[in-house]
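The values are calculated or read from the model by the stated rules, or taken from the named source; none is laboratory data. All values reported here derive from a predicted model rather than from experimental measurement. Because the Cβ atoms are built from the backbone with ideal geometry, glycine has one as well, and the counts that use them run over all protein chains shown.
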Amino acid sequence: MTPEERREALAARRDRVKRHRKRVPRPRLPRGPESRYEAALVRLSRRMSALVDRTIQPYIAHARKAEAGEREDVQIDTALLGHDYGTLRIMIGRMVREAEISPIVDQWGREIRKWNGREMARLLLIDLSEESPELLATLANARATNVRLIQSIGDRLLGDVFETVTRSVMAGTRVEALASRIQERYSVSDSRARLIARDQTLKANADLTRVRHREAGVTSYVWSSSRDERVRDVHAELDGFEFRWDDPPITSLTGERNHPGEDYQCRCVAVPVLD
């Protein structure tokens, strides 16, 4: 469908809405793509945690024995902060190199693209099967961003674990407490994976919505929040107001401007204005 044909189809859609006095339904959030992406990233995070844990456990076991005998030769930090740290960086780097994580990111990209296309077609009642260069560029940017974010999970996991080891050893922390703190860092890594999946799915959906709206001739939208206790105060104040795609509203106390879904973990959506 050409841009002209899309605009004609949208004009016909406006006429049908006016004739039957129906409101455009509220867009849905991409829960399916988000949950599957989250599951994939958490699995990857746990693979990295397992790799780190297999390296650390022999030192933990040695330290437990030394501590049980009240010996003073517990040097868990020496090897971990030297040779094994560098080795782990290399091994985790291989695990998250682009060739390895591309299947995860590409599958997510296909799912969010198809989901958004179906959702926009449901709202606008026009054919959105043809994808423009701008839409493909938007997807490519999202892909590159997600590759970088996934690669950062391993770096932050290693940094967290070895900072925990360093501080605990310097403070003379007992081995059981140290082991518990290391396990907590694995859980934090899983949480980061979940946050990336949620935030990036919402952002990608918002970006695709913006592109498809504008290509269909939609110049403005009504901001619709989730209307629950998790909504930011500023976003709650925007609920129900109309804004233009070329003039995003202020969405934070620091003066940042965003469209629905573009802010960090924003669950707000843009209801197209067809008048």
Q) Out of all the residues in region 153-165, is one or more under 15 Å from the mean Cα position of the chain (by Cα) and at pLDDT 90 or above? A) yes
Residues in region 159-172 that are of a type outside the set (Lys, Arg) and surrounded by fewer than 16 Cβ atoms within 10 Å (Cβ to Cβ) total 6
